[in-house]
1. Could you go through segment 82-90 and let me know if any residue there is part of a loop (DSSP other than H, G, I, E, B), surrounded by 12 or more Cβ atoms within 10 Å (Cβ to Cβ) and among the aliphatic types (A, V, I, L, M).
2. Just need a number here: residues in segment 18-44 that are in a helix (DSSP H, G or I), of a type outside the set (Gly, Ala, Ser) and crowded, with 17+ Cβ neighbours inside 10 Å.
3. Within segment 50-63, is there a residue that is at pLDDT 85 or above, out of contact with any helix residue (DSSP H, G or I) (no Cβ under 8 Å at 6 or more places or on another chain) and surrounded by 12 or more Cβ atoms within 10 Å (Cβ to Cβ)?
4. All but one of (1) more than 30 Å from Arg91 (Cβ to Cβ); (2) of a type in the set (D, E, K, R); (3) out of contact with any helix residue (DSSP H, G or I) (no Cβ under 8 Å at 6 or more places or on another chain) hold for Asp29; state the number of the condition that does not hold.
Amino acid sequence: MRHLLTMASLAMVVGSCWIGALGAWRMRDPMQSLHYLSVPATVGTISLTIAIFLETGWSSATIKGIVVCAVLVASNSIGAHAAARAIRTRRLGHWEPRKGDGVEFVARQEKS
């Protein structure tokens, strides 16, 4: 039974990587492709950590898998933000929202 659960967990790793790759490849806009990078970074690493735990129990490999999983899940949003910022800077030549960018930006003006 444990072997079947391990295989199912590893199948989820492979499936999430394929979904992420095909989704990123299929999107026309790089900003849309960024959404598909979170699937392997979260579902894939969590499933891989579960597979390691099922095979080895509480061992040093499991602890290392948990640490790697936590780092990948935490850094996923940071990497996506950095990539989105780089895409916007490449397209517009600047990062700050300005009038005429083609993106609606509403700023609150505080009354003094």
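1. So the first thing to find is which residues in segment 82-90 are part of a loop (DSSP other than H, G, I, E, B), and the list is none.
Within segment 82-90 (the criterion being part of a loop (DSSP other than H, G, I, E, B), surrounded by 12 or more Cβ atoms within 10 Å (Cβ to Cβ) and among the aliphatic types (A, V, I, L, M)), the answer is no, since none of the residues qualifies.
2. Residues of segment 18-44 that are in a helix (DSSP H, G or I), as a first pass: 18-26, 30-36, 38-44.
Still in the list and also of a type outside the set (Gly, Ala, Ser): 18-19, 22, 25-26, 30-32, 34-36, 39-40, 42-43.
Next, only the ones that are crowded, with 17+ Cβ neighbours inside 10 Å stay: 34, 36, 39-40, 43.
Within segment 18-44, residues that are in a helix (DSSP H, G or I), of a type outside the set (Gly, Ala, Ser) and crowded, with 17+ Cβ neighbours inside 10 Å number 5.
3. Yes, segment 50-63 contains a residue that is at pLDDT 85 or above, out of contact with any helix residue (DSSP H, G or I) (no Cβ under 8 Å at 6 or more places or on another chain) and surrounded by 12 or more Cβ atoms within 10 Å (Cβ to Cβ).
4. (1)
The values are calculated or read from the model by the stated rules, or taken from the named source; none is laboratory data. Quick caveat: nothing in here was measured; it's all calculated off a predicted structure. When we count neighbours, we look across all protein chains shown, and the Cβ atoms used for this are built from the backbone with ideal geometry, even at glycine.
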